[in-house]
Amino acid sequence: MPLEDDFSDIIKKARTGQGLSVGDVARMTGLPGGDITALERGDQPRDRAEVRALAKALGLRAAPLEQIAIDKWEPVAQQMPSWVELVRGSINGYGVQGYLVHDEGEALLVDTAYNAPAMLDLLRRRGMRLVGIALTHGHADHADGIEQILGQHEVPVYLGPEDVGLLSWRPRAELLVVPGDGLPIRVGRRTVHCMVASGHTPGGICYRLDDARHAVCFVGDTLFAGSIGRSNPRELYSTHLNSVRSRVLTLSPDYRLLPGHGPATTVEEELDHNPFGAIQ
């Protein structure tokens, strides 16, 4: 699976997140503004020096940005643990991913993938009892369809309270659970821990599952392989970077990171290859 973000996406997210104009970046780098606009529209950088200049101006790590722009890095393919099911959907052709964590006949849904029918069908075919819906954030591609699921399985919905207003359909108040930092969610013998990770949205949440062999973290749009989601609103950019750097990338290096878009990755890969990681 190709990366969710290419070089053009990364530099535009970094520029707009910091409230910089193309002219600002042109002055900082000495590059023509027209060239920067063209790069943001998908043109390839001329050389590594151009990539490094942009990385310095935008506060990105130069080596990982070069690896993506020049060397065409992609993460090593990650095998899904046997107790996680991937569900794909799309919204106007834009691919999105949700997941089902299951154990001993119980299941927790992590985001809807904008494909509630597939989620319901999977639960039915596997004979699983749904114990909750864990939303990484409130955007439609991750949350729409909860009304269909709750119509058949009335379960708690975990969502950061700051994101409730983003929902197109709101569950009854008594079903909404605030996923406070560290809050445990039991699924069979397994425990999923909520991890506050604001930035992509004000109420962003990641869901961490410690496992001796296959530890995973469902990161939604907080992080993509080699990138991050768009900070929304942009004033959350520094908060978003802090969530990525101090929450996600401080997990053990062997953690599999399962995003809402694009390929799975690991903490180790992102420490080496994500331009938005902490600059040493």
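The values are calculated or read from the model by the stated rules, or taken from the named source; none is laboratory data. As the structure is a computational prediction, the values presented were derived from the model and not from experiment. So basically every Cβ, Gly included, is an ideal-geometry build from the backbone, and we count neighbours across all protein chains shown.
Points worth noting:
- Among residues of the range 34-63 that are under 14 Å from T16 (Cα atoms), those with a Cβ under 6 angstrom from a residue that is modelled with pLDDT of 95 or more and in a loop (DSSP other than H, G, I, E, B), sequence gap 6+ or separate chain, pair up as L60/P275.
- Screening V216, V196, V178 for residues that are assigned by TED's automatic domain parsing to the domain that holds V110 and crowded, with 21+ Cβ neighbours inside 10 Å leaves exactly one candidate, V216.
- Screening A14 on (1) in contact (Cβ under 8 Å) with a residue 40 or more places away in the chain; (2) surrounded by 15 or more Cβ atoms within 10 Å (Cβ to Cβ); (3) out of contact with any His (no Cβ under 8 Å at 6 or more places or on another chain); (4) within 28 Å of H214 (Cβ to Cβ) shows it passes everything except condition (4).
- The listed residues are P45, P75, P2, P81, and the only one of them that is in a loop (DSSP other than H, G, I, E, B) and in contact with a Leu (Cβ under 7 Å, 6 or more places away or on another chain) turns out to be P45.
- Flag for S90 being in contact with a strand residue (DSSP E or B) (Cβ under 8 Å, 6 or more places away or on another chain), of a type in the set (S, T, N, Q) and surrounded by fewer than 16 Cβ atoms within 10 Å (Cβ to Cβ): yes
- Restricted to the range 192-248, and to residues there that are of a type in the set (A, V, I, L, M), within 24 Å of I279 (Cβ to Cβ) and part of a strand (DSSP E or B), the residue that is nearest to the chain's Cα centre (by Cα) is V219.
- Among the residues of the range 101-129, those that are touching a strand residue (DSSP E or B) at 6+ places or on another chain (Cβ under 6 Å), assigned to a strand (DSSP E or B) and either outside the structural domain of D163 (by TED's automatic domain parsing) or buried (at least 22 other Cβ atoms within 10 Å of the Cβ) (or both) comprise V101, A107, L108, L109, V110.
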